[in-house]
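The values are calculated or read from the model by the stated rules, or taken from the named source; none is laboratory data. Note that the coordinates shown come from a computational prediction; the quantities given were computed from them, not determined experimentally. With ideal geometry, Cβ positions are generated from the backbone for all residues, glycine too; neighbour counts draw on all protein chains shown. Ligands, DNA and RNA are stripped out before the accessible areas are found, and what is left, the full protein with its side chains, is counted by its heavy atoms. Shrake-Rupley method; radii C 1.70, N 1.55, O 1.52, S 1.80 Å.
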Amino acid sequence: MNIGDKDNICTKDMPTTCSSAMLADYWSPFDATVVDLLRQSGAGIIGKANCDEFGMGSLNVHSIYGPVVNPAFPTDDIRSAGGSSGGSAAAVAAGLCNAALGTDTGGSVRLPASYCGVVGLKPSYGMLSRWGVVSFADSLDCVGVLAKDVDIAHRVFNTLSKYDGQDSTSASPETREKAQRACEEHMQSWRSRRDLAGLRIGVPQEYFPASLSPASVDGVREMLRALRERGATLVPVSLPNTPYALSAYYVLASAEASSNLARYDGVQYGSYIAITAMCLHVRPTPHQIGTPASTYALSRTQGFGREVKKRILLGTYALSADAFDNYFLQAQRLRNLIRQDFRDVFLVPDPLLLSHSPASVDGVHALVHPSAVQTAPPLPDTNVISEGDSLGAYVQDILTVPASLAGLPAVSVPARGKNKQGPVGVSIVGQWGCEAMILEIARVIEGSVA
Ligand SMILES: NC(=O)C[C@H](N)C(=O)O
């Protein structure tokens with residue numbers, strides 16, 4: 001199988017630049033565990049895919065290589081491929097590969113999948129190894145899979161879903177087993193039949209904001225109809241803390257990014273000379289080299305792009321003594337409430353808790369909601385990205401960040417309807433470790449709408 005690799009997942013035979021001037025000349029001495037597992041399975045890594053710098057962005061416009069154009073649209077209608085794994089989604093949509101690796105911190109696999117009309121799986125947090133994946137926000141980062149169809153996504157996931165002792169956040173074999181048992185027990189009620197009778201699907205009311213485009217509403221409606229026709233029971237549910245998820249995400253992700261990216265000083269990490277030569281087209285003068293502090297300042301000023309620098313500043317502030325209680329701690333509290341919202345509606349118990357009484361009989365096996373509030377927007381002019389564009393980009397993640405904060409698996413599947421606005425994705429979210437369940441539902445939906 002031919003597989004593309006996002007440019008923040010290390011390969012020893014190709015550069016890993018994170019689409020950043022800071023790592024423009026970086027070649028890893030080793031393969032990431034996920035790349036290694038793919039190669040061992042006989043897959044060929046066909047190349048590295050463009051992305052937003054260090055995974056920060058929703059439109060794949062923040063990259064030293066320029067933006068990614070969405071191949072699902074005609075050439076006279078230039079649209080964003082979504083971000084940050086836009087290159088991976090576009091490569092699959094354009095038929096360059098059967099699948100591609102991406103990373104998803106707050107929606108970076110599901111959003112581009114939705115915009116480009118491909119399948120995008122963000123596994124449970126800790127399910128796929130992150131050894132050799134360049135860190136953005138460690139408590140949220142997941143390796144994900146973009147694929148032509150659900151079956152390929154599932155096969156790639158099965159190849160990669162292994163405990164890795166080199167990654168301290170990799171879920172233990174015991175936790176995996178516990179989750180698998182709970183999930184299979186619940187699937188038995190409906191999987192043995194050809195239809196989905198017995199499956200309870202939650203439709204969360206908070207995932208239908210006023211800003212939802214008519215195309216997205218139609219896409220979800222179509223999927224829900226397909227599920228009902230197959231015998232599933234649709235249950236309206238509420239996840240009341242959803243409206244706070246986006247703010248909590250951007251505080252936490254930026255705080256972790258500011259800490260993670262502190263290592264790029266142009267001396268130990270990141271190449272000062274390469275950055276200077278690339279950006280200024282000159283060799284640095286002895287004066288520029290100056291003190292260690294001026295070396296760090298020059299490297300970081302020139303090596304990072306605008307969006308990354310913005311997040312470092314925001315995150316550093318959120319972690320400062322003045323702001324810590326009001327921003328960082330509050331965001332952590334919200335994250336706990338958001339996690340609890342999901343626990344309250346799922347029938348499958350949370351395997352990460354020692355004891356957890358799952359939702360009563362009116363709970364649900366999985367949730368279905370639109371992946372994005374709109375279809376792929378026109379590509380903004382990267383030379384004149386305004387603050388408004390930047391906030392607009394953050395809002396693209398509004399429906400994907402809750403599952404990220406809760407560490408839950410979610411898969412975005414294309415809804416039918418080659419409408420003029422382009423592809424629409426619909427997401428299925430399950431309890432931690434229930435990838436098999438959400439992929440099984442996705443397969444049925446895919447079959448129904450094909
Ligand atoms: N990395 C991600 O999941 C993308 C998210 N839009 C962000 O900029 O943080």
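Quick look at the values:
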{"item": "Residue satisfying all of: in segment 193-235; polar (S, T, N, Q) and touching a Gly at 6+ places or on another chain (Cβ under 9 Å); surrounded by the most Cβ atoms within 10 Å (Cβ to Cβ) among these", "result": "Ser216"}
{"item": "Cross-chain or 6+ apart pairs with Cβ under 6 Å, segment 100-112 first and touching a residue at least 24 places away in the same chain (Cβ under 8 Å) and near the ligand (Cβ under 6 Å from one of its atoms), then outside any helix (DSSP H, G or I) and not charged (D, E, K, R)", "result": "Asp104/Cys142; Asp104/Gly144; Thr105/Phe136; Thr105/Ala137; Thr105/Leu140; Gly107/Thr400; Ser108/Ser84; Ser108/Ser85"}
{"item": "Subset of segment 235-250 [in a strand (DSSP E or B) and without any contact (Cβ under 8 Å) to a residue 40 or more places away in the chain]", "result": "Pro236"}
{"item": "Test: residue in segment 216-225 that is within 24 Å of the chain's Cα centre (by Cα) and part of a strand (DSSP E or B)", "result": "no"}
{"item": "Criterion: free of Cβ contacts under 8 Å to residues at least 40 places away in the same chain, in a helix (DSSP H, G or I) and under 21 Å from the mean Cα position of the chain (by Cα) - qualifying residue of Asn336, Asn326", "result": "Asn336"}
{"item": "Residues of segment 294-339 that turn out to be open to solvent by 70 Å² or more (accessible area, probe 1.4 Å), among the aliphatic types (A, V, I, L, M) and under 22 Å from Ile64 (Cβ atoms), as a count", "result": "2"}
{"item": "Only one of Glu174, Glu185 that is assigned to a helix (DSSP H, G or I), surrounded by fewer than 24 Cβ atoms within 10 Å (Cβ to Cβ) and at pLDDT below 95", "result": "Glu185"}
{"item": "Residue list for segment 289-320, restricted to those being at pLDDT 95 or above, out of contact with any Ser or Thr (no Cβ under 7 Å at 6 or more places or on another chain) and away from the ligand (no atom under 16 Å from the Cβ)", "result": "Tyr317, Ser320"}
{"item": "Residues (closer than 21 Å to Gly266 by Cα, more than 21 Å from the chain's Cα centre (by Cα) and of a type in the set (Asp, Glu)) located in segment 6-54", "result": "Asp25"}
{"item": "Residues of segment 414-433 that turn out to be touching a strand residue (DSSP E or B) at 6+ places or on another chain (Cβ under 7 Å), more than 18 Å from Gln396 (Cβ to Cβ) and crowded, with 24+ Cβ neighbours inside 10 Å, as a count", "result": "3"}
{"item": "Which numbered condition His62 misses (of (1) within 16 Å of the ligand (Cβ to nearest atom); (2) open to solvent by 10 Å² or more (accessible area, probe 1.4 Å); (3) without any contact (Cβ under 8 Å) to a residue 60 or more places away in the chain)", "result": "(3)"}
{"item": "Any chance Tyr115 is within 16 Å of the ligand (Cβ to nearest atom) and either without any contact (Cβ under 8 Å) to a residue 24 or more places away in the chain or over 12 Å from the mean Cα position of the chain (by Cα) (or both)", "result": "yes"}
{"item": "Residues (part of a helix (DSSP H, G or I) and of a type in the set (Gly, Ala, Ser)) located in segment 252-272", "result": "Ala253, Ser254, Ala255, Ala257, Ser258, Ser259, Ala262"}
{"item": "Any hit, segment 147-155, residues being within 16 Å of the ligand (Cβ to nearest atom) and among the acidic types (Asp, Glu)", "result": "no"}
{"item": "Unmet requirement for Ser247, which otherwise passes all of (1) surrounded by 16 or more Cβ atoms within 10 Å (Cβ to Cβ); (2) modelled with pLDDT of 90 or more; (3) of a type in the set (Ser, Thr, Tyr)", "result": "(1)"}
{"item": "Output for segment 1-30, where each listed residue is surrounded by 21 or more Cβ atoms within 10 Å (Cβ to Cβ) and either over 21 Å from Gly86 (Cα atoms) or touching an Asp or Glu at 6+ places or on another chain (Cβ under 7 Å) (or both)", "result": "Cys10, Thr11, Thr16, Thr17, Cys18, Ser19, Ser20"}
